[in-house]
Amino acid sequence: MGAGHAHKLYRHGHSPVHGLPPHCKLAATLGFVVVVVSTPREAVWAFGLYAALLAGVAAVARIPAGFLLRRLLIEVPFVAFAVLMPFVAEGERVQVLGMSLSVSGLWGAWNVLAKGTLGVAASVLLASTTELRALLLGLQRLKLPPLLVQIASFMIRYGDVISDELRRMSIARRSRGFEASGIRHWGVLAKTAGALFIRSYERGERVYLAMVSRGYAGSMPVIDEVAATRAQWAYAAVLPVTALAVCLMGWTL
């Protein structure tokens with residue numbers, strides 16, 4: 001079970017964070033995100049400490065700030081949504097730079113932006129220090145339903161294959177003089193999508209029959225079982241436990 005190659009999000013390294021078992025990092029990341037989401041939005045200082053914790057993890061993992069920031073651009077659509085909230089939300093209004101903004105909208109925008117950014121940053125750090133194949137093994141180790149793990153495995157493995165198939169179809173269209181320039185070409189694009197679906201379905205059937213002929217009975221064999229020591233669990237728990245302490249302070253202050 002595996003992806004067959006390293007994903008572009010992964011950054012090869014030999015840091016202590018890279019060396020942790022994948023299920024330890026998955027549990028730590030999930031715990032950190034749950035704590036961040038549970039933190040009251042009014043505890044602004046707490047989110048600053050969370051960001052400092054992630055910066056510390058990035059420093060230990062030797063992940064450059066530029067590498068991390070570029071991959072945070074994935075949350076731009078959510079940032080745009082957060083920016084609109086102070087303008088469309090109802091309730092008490094305040095004047096900021098000559099604009100009438102909703103107080104509840106400002107808090108909501110801050111809540112979405114802070115928690116969303118920290119969650120994405122934690123996920124990017126996880127992907128940057130853990131290979132996709134290892135992540136799948138970690139999910140299996142954490143007793144995620146095997147069927148979901150297998151679906152994720154095939155999605156990762158064949159995602160690039162389907163993308164290459166779509167690219168070849170696009171090249172074939174352009175080589176015949178086709179250029180999508182308006183609504184009248186949507187029919188051609190729809191036929192392309194249909195053809196891609198049929199080809200993908202047929203490929204899936206062939207792969208499944210090939211697996212069955214080789215003894216597949218509903219579960220994938222685990223070639224290398226990854227176990228974690230108590231020290232590794234304790235090392236991974238530093239992030240969520242520290243974040244939990246900050247969260248409890250945020251609720252009591």
Cα gyration tensor shape for the range 132-253, rounded if a/c is under 1.5, else prolate or oblate: oblate
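First check a/c for the range 1-126, with a ≥ b ≥ c the square roots of the eigenvalues of its C-alpha gyration tensor; if it is under 1.5, answer rounded, and if not, answer prolate when a/b is larger than b/c or oblate otherwise. Walk me through the numbers on the way to the answer.
Working: a/c = 2.64, a/b = 2.20, b/c = 1.20.
Prolate, because a/c is 1.5 or more and a/b exceeds b/c.
Calculated from DSSP H runs of 4 or more alone, at -39500 (n - 2.57) each and per residue, what is the 222 nm mean residue ellipticity of the chain, nearest 500? List each step's numbers first, then the result.
On the way: 10 runs with 177 residues, N = 253.
Taking each H run of at least 4 residues, the total per residue is -23500 deg cm²/dmol.
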Relative contact order (%) - the chain, alpha-carbon pairs under 8 angstrom, separation at least six: 37
Of PRO145, LEU239, ILE162, farthest towards positive along the dipole that unit charges on Lys, Arg, Asp, Glu beta carbons give the chain: ILE162
Cβ-based net charge around ARG184, under 15 Å, with every Lys or Arg adding one and every Asp or Glu removing one: +1
ARG203 versus ARG93: modelled label distance in nm, points set 7 Å from Cα along the beta carbon direction: 5.4
ARG93 long-range amide H proximity, modeled H, under 5 Å: VAL103
Net charge contributed by nearby residues that have their C-beta within less than 13 Å of ARG11 (K/R +1, D/E -1): +3
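Return one whole number: the accessible area per residue of the chain in Å², for a 1.4 Å probe.
Values: 15460 Å² over 253 residues.
Averaged over the residues of the chain, the accessible area is 61 Å².
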Span-rule helices in the chain, defined as complete DSSP H runs reaching 15 Å or more along the axis (Cα) with Kyte mean at least 0.0: 22-38, 44-61, 76-88, 103-129, 146-175, 186-213, 230-252
Share of carbon and sulfur in the accessible heavy-atom surface of the range 85-220 [1.4 Å probe, %]: 64
14 Å tail of the calculated P(r), the range 110-184, as % of Cα pairs: 76
Contour minus Cα-Cα distance for VAL226 and LEU69 (0.36 nm per residue): 53.4 nm
Cut-off of 10 Å, at most 15 other beta carbons, DSSP loop: longest stretch of the chain lacking such chymotrypsin sites (Phe, Trp or Tyr not before Pro): 1-177
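Specify the longest stretch of the chain that does not include any exposed loop site, a site being one of the GluC sites (Glu not before Pro) with a non-H, G, I, E, B DSSP assignment and at most 15 other Cβ atoms within 10 Å.
My reading of the result: 93-178 is the longest stretch.
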Potential extension, SER219-VAL60 segment - 0.36 nm per residue separation minus Cα distance: 53.6 nm
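What is the local net charge at VAL112, summed over the other residues whose Cβ is closer than 14 Å to its Cβ (Lys, Arg +1; Asp, Glu -1)? Show your work: numbers first, answer last.
On the way: positive: ARG41, LYS115; negative: GLU75.
For residues surrounding VAL112, the net value is +1.
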Option label - mean projected area of the Cα convex hull in nm² computed here, alternatives [x] 19.9; [y] 13.0; [z] 13.7: [x]
Chain lengthening between SER38 and SER100 when straightened (0.36 nm per residue, less Cα-Cα): 19.4 nm
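The values are calculated or read from the model by the stated rules, or taken from the named source; none is laboratory data. Everything quoted here is computed from the prediction, not taken from an experiment. Note: ideal-geometry Cβ built from the backbone for every residue, glycine included; neighbour counts use all protein chains shown. In case anyone asks, the SASA skips ligands and DNA or RNA and just uses the protein heavy atoms, side chains included. Shrake-Rupley method; radii C 1.70, N 1.55, O 1.52, S 1.80 Å.
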